[in-house]
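I have placed the structure first, in the form of structure tokens, so that the comments after it can refer back to it.
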Amino acid sequence: MEAQNRNLSIYNSLSGEKEVFTPIHGNFVGLYVCGPTVYSNVHLGNCRTFINFDLVYRYLMHLGYKVRYVRNITDAGHLEDDADQGEDKIAKKAKLQQLEPMEIVQQYTVDFHDTLAAFNNLPPNIEPTATGHIIEQIEMIQEIIAKGLAYEVNGSVYFDVEKYNASENYGELSGRKIEDLISGTRELDGQSEKRSPLDFALWKNAAPEHIMKWPSPWGIGFPGWHLECSAMSTKYLGEEFDIHGGGMDLKFPHHECEIAQGHAATGKKPVKYWMHANMLTLNGKKMSKSTGNNLLPGELFSGNNDLLEKAFDPMVVRFFIMQAHYRSTLDFTSEALTAAEKGFKRLMEAVQSLSKLKTSASTSTPITPLINSFYEAMNDDFNAPILVAKLFDAVKLINAINDGKASITQEDLTILSKEINAFVFDILGLKTINDNDDSSLSKVMELVIDMRQTARENKDWTTSDKIRDFLAEAGIQIKDSKEGTNWTKI
RNA sequence: GGUCCUGUGGCCGAGUGGCUAGGCAGAGGUCUGCAAAACCUUGUACGGCGGUUCGAAUCCGUUCGGGACCUCCA
């Protein structure tokens, strides 16, 4: 990609401002995104975040960066809450269902991969698991203890937030002040071990009935909530890397703790650019596993949910997500998705007609400003909705050329076609929907359309309309045009 | 209670101190045997009240509403 297109700005949550993106190591970019906790099916809200970062990954690659994209799988479970004495979620579910913990992990990891593949997300380069990096996590804890910023109590190790804050700034990412945090803390059971309620566990002593546990210098236990991301990002991307992403709800305490841990262990600030994707809302509230206010991708693809008027293709959902900026909340409604579906189809039909356009000796509308506008949109903090708007400008142009109301040279068409295809398929990650992939149905439809055509030529409107109406009842829409008759499933 | 975000036309959703966002729906048109589809045209909206300014929906104050985080959560 040409250098002039490479002036990407990213909104850095750490500074609260858009900053020009400059990788730490020349052409290489390290990208870490917090992955899912695999104790239940991913819901659509989770997917939004991963789709947004898929866009980031894709655009960075389009700009010619060599990206290493790391996204973890949290399979060690997180604490249910402070009151349940450290039982982790995966272990709890395992007991309920009489399954091995890793069986649960496997089931939902597969679901996660299948779902993201349906959304046409590219897999990350490395997808490390928390359980596979216990040793790295123990080593990091030892580093932090050696620096005097963590302490052991009864086989558990806690990070000393106040001590860290004496020389560093705990709260720099989330904008919190430690005094406010202390005053706002509620006194909960099971926190008596901690020197301060703000301290968080790096290692947790495991009760005998706890299923997932590992030996450590402090006894049998399991790693703390936030440590895995620090250990794995350090291992695969280094002590300092470029971009760390995740959902807005992870900003505090998860990412704040990551900064503190990483900084404590290595003496360096781990992340140059923090990116936070906003929530997908349903009924005006964030989707959430714990409150049940969510929608599963499978329900969306099948239409099997009362909130949905019909089923939606994963690509329609992806397009819907691309029509909102990643830092804004996006409200999910069946109506909004239906609107997105129509727009998506219009865009894709225009893109497909690119290859059939007739070229002329001259170009009526210069294409360079249009193409530049694609880059300007994405360079401005990955503004996909602006990009989509500009692509619809291109749709208008394509249709005008198709109608003979505008013209384009072969040379310009080649360039335009290449760029539009790159932005639509490679960057936005959209795919065409194959309605007509059932070959036997296609054959039958060929015959039916041919019979209807014959009837129409004989002005036998009764027969032709009967065919049309019957097909409509069967969910197949007939589309007549000058070039002939097409059909589509409704 | 603390910290922060947000309120845009029927719906979703960008953006900006003065210059059309875009999509969908609606309206009109072209096409068509009639329709549908497709395509073209079309909408001066920015929560209320003050203030700053030549000019604000965009900045400031205030007020009302919505939301996020402060406990696991993308």
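In the set (1) in contact with a helix residue (DSSP H, G or I) (Cβ under 8 Å, 6 or more places away or on another chain); (2) closer than 12 Å to A:Ser196 by Cα; (3) within 15 Å of RNA strand B (Cβ to nearest atom), A:Ile182 fails one condition alone, (1).
Pairs are defined by a Cβ separation below 6 Å, a sequence spacing of at least 6 or placement on different chains, a first member in region A:317-341 that is free of Cβ contacts under 8 Å to residues at least 60 places away in the same chain, and a second member that is more than 8 Å from RNA strand B (Cβ to nearest atom); the pairs so defined are A:Phe320/A:Leu337; A:Ser334/A:Leu308; A:Ser334/A:Glu309; A:Leu337/A:Phe312; A:Ala340/A:Val316; A:Ala340/A:Phe319; A:Glu341/A:Val316. Of the residues examined, A:Ile10 is one that is β-branched (Val, Ile, Thr) and under 21 Å from A:Glu376 (Cβ atoms). Counting the residues of region A:48-58 that are closer than 14 Å to A:Leu330 by Cα and either more than 8 Å from RNA strand B (Cβ to nearest atom) or assigned by TED's automatic domain parsing to the domain that holds A:Asp381 (or both) gives 2.
Among the residues of region A:59-92, the ones that are modelled with pLDDT of 95 or more, touching a strand residue (DSSP E or B) at 6+ places or on another chain (Cβ under 6 Å) and more than 11 Å from RNA strand B (Cβ to nearest atom) come to 8 in all.
Please enumerate the residues belonging to region A:312-321 that are part of a helix (DSSP H, G or I) and either more than 10 Å from RNA strand B (Cβ to nearest atom) or basic (Lys, Arg) (or both). Scanning region A:312-321 gives A:Pro314, A:Met315, A:Val316, A:Val317, A:Arg318.
Quick check, is A:Ile90 closer than 21 Å to A:Glu256 by Cβ, part of a helix (DSSP H, G or I) and in contact (Cβ under 8 Å) with a residue 40 or more places away in the chain? Considered against the rule, which asks whether it is closer than 21 Å to A:Glu256 by Cβ, part of a helix (DSSP H, G or I) and in contact (Cβ under 8 Å) with a residue 40 or more places away in the chain, A:Ile90 comes out as no. Apart from one condition, A:Gly292 fits all of (1) of a type outside the set (A, V, I, L, M); (2) out of contact with any Ser or Thr (no Cβ under 9 Å at 6 or more places or on another chain); (3) touching a residue at least 40 places away in the same chain (Cβ under 8 Å); the exception is (3). Within the set A:Ala377, A:Ala400, A:Ala394, A:Ala389, the sole residue that is modelled with pLDDT under 95 and assigned to a helix (DSSP H, G or I) turns out to be A:Ala400.
Among the residues making up region A:439-490, a single one is in a strand (DSSP E or B) and on the phi > 0 side of the Ramachandran plot: A:Gly484.
The set of residues in region A:259-314 being of a type in the set (Ser, Thr, Tyr), under 18 Å from the mean Cα position of the chain (by Cα) and more than 21 Å from A:Thr115 (Cα to Cα) consists of A:Tyr273 alone. On the stretch given as region A:418-430, residues that are touching a residue at least 24 places away in the same chain (Cβ under 8 Å), in a helix (DSSP H, G or I) and not hydrophobic (A, V, I, L, M, F, W, C) total 3. If only residues of region A:13-37 that are buried (at least 24 other Cβ atoms within 10 Å of the Cβ) and of a type in the set (A, V, I, L, M, F, W, C) are counted, the one that is nearest to RNA strand B (Cβ to nearest atom) is A:Val33. Here region A:363-373 is the region considered, the condition is being assigned to a helix (DSSP H, G or I), surrounded by 15 or more Cβ atoms within 10 Å (Cβ to Cβ) and within 13 Å of RNA strand B (Cβ to nearest atom), and the residue that is farthest from the chain's Cα centre (by Cα) is A:Leu370.
When A:Phe392, A:Phe423 are checked against the criterion of being surrounded by 21 or more Cβ atoms within 10 Å (Cβ to Cβ) and within 31 Å of the chain's Cα centre (by Cα), a single residue qualifies: A:Phe423. Restricting attention to region A:447-478, the residues that are exposed (fewer than 12 other Cβ atoms within 10 Å of the Cβ) and not hydroxyl-bearing (Ser, Thr, Tyr) total 11. Answer with yes or no whether A:Lys396 is within 15 Å of RNA strand B (Cβ to nearest atom), more than 18 Å from A:Lys479 (Cβ to Cβ) and of a type outside the set (Ser, Thr, Tyr). Spelling it out, A:Lys396 is indeed within 15 Å of RNA strand B (Cβ to nearest atom), more than 18 Å from A:Lys479 (Cβ to Cβ) and of a type outside the set (Ser, Thr, Tyr). Looking at region A:411-429, is at least one residue of a type in the set (S, T, N, Q), within 13 Å of RNA strand B (Cβ to nearest atom) and touching a Ser or Thr at 6+ places or on another chain (Cβ under 9 Å)? No, because not a single residue in region A:411-429 is of a type in the set (S, T, N, Q), within 13 Å of RNA strand B (Cβ to nearest atom) and touching a Ser or Thr at 6+ places or on another chain (Cβ under 9 Å). Go through A:Glu335, A:Glu349, A:Glu309, A:Glu341 for me and flag whichever is in contact with a helix residue (DSSP H, G or I) (Cβ under 6 Å, 6 or more places away or on another chain), among the acidic types (Asp, Glu) and within 9 Å of RNA strand B (Cβ to nearest atom). After ruling out the rest, the residue left standing is A:Glu341.
Residues of region A:457-473 that are within 42 Å of the chain's Cα centre (by Cα) and within 12 Å of RNA strand B (Cβ to nearest atom): A:Arg468, A:Asp469, A:Leu471, A:Ala472. If you check A:Lys289, A:Lys285, A:Lys310, which single one turns out to be at pLDDT below 95, crowded, with 16+ Cβ neighbours inside 10 Å and outside the structural domain of A:Thr37 (by TED's automatic domain parsing)? Residue meeting the stated conditions: A:Lys289. Whether any residue in region A:439-456 is charged (D, E, K, R), farther than 30 Å from A:Ile420 by Cα, in contact with a helix residue (DSSP H, G or I) (Cβ under 7 Å, 6 or more places away or on another chain) and within 14 Å of RNA strand B (Cβ to nearest atom) is what I want to check. Scanning region A:439-456 turns up at least one residue that is charged (D, E, K, R), farther than 30 Å from A:Ile420 by Cα, in contact with a helix residue (DSSP H, G or I) (Cβ under 7 Å, 6 or more places away or on another chain) and within 14 Å of RNA strand B (Cβ to nearest atom). The listed residues are A:Ile433, A:Ile415, A:Ile408, and the only one of them that is in a loop (DSSP other than H, G, I, E, B), over 21 Å from A:Ser481 (Cα atoms), not polar (S, T, N, Q) and not assigned by TED's automatic domain parsing to the domain that holds A:Leu60 turns out to be A:Ile408.
The values are calculated or read from the model by the stated rules, or taken from the named source; none is laboratory data. Small disclaimer: the values here were computed from a predicted structure and weren't measured. All Cβ positions, even for glycine, are placed from backbone atoms using ideal geometry, and neighbour counts span all protein chains on display.
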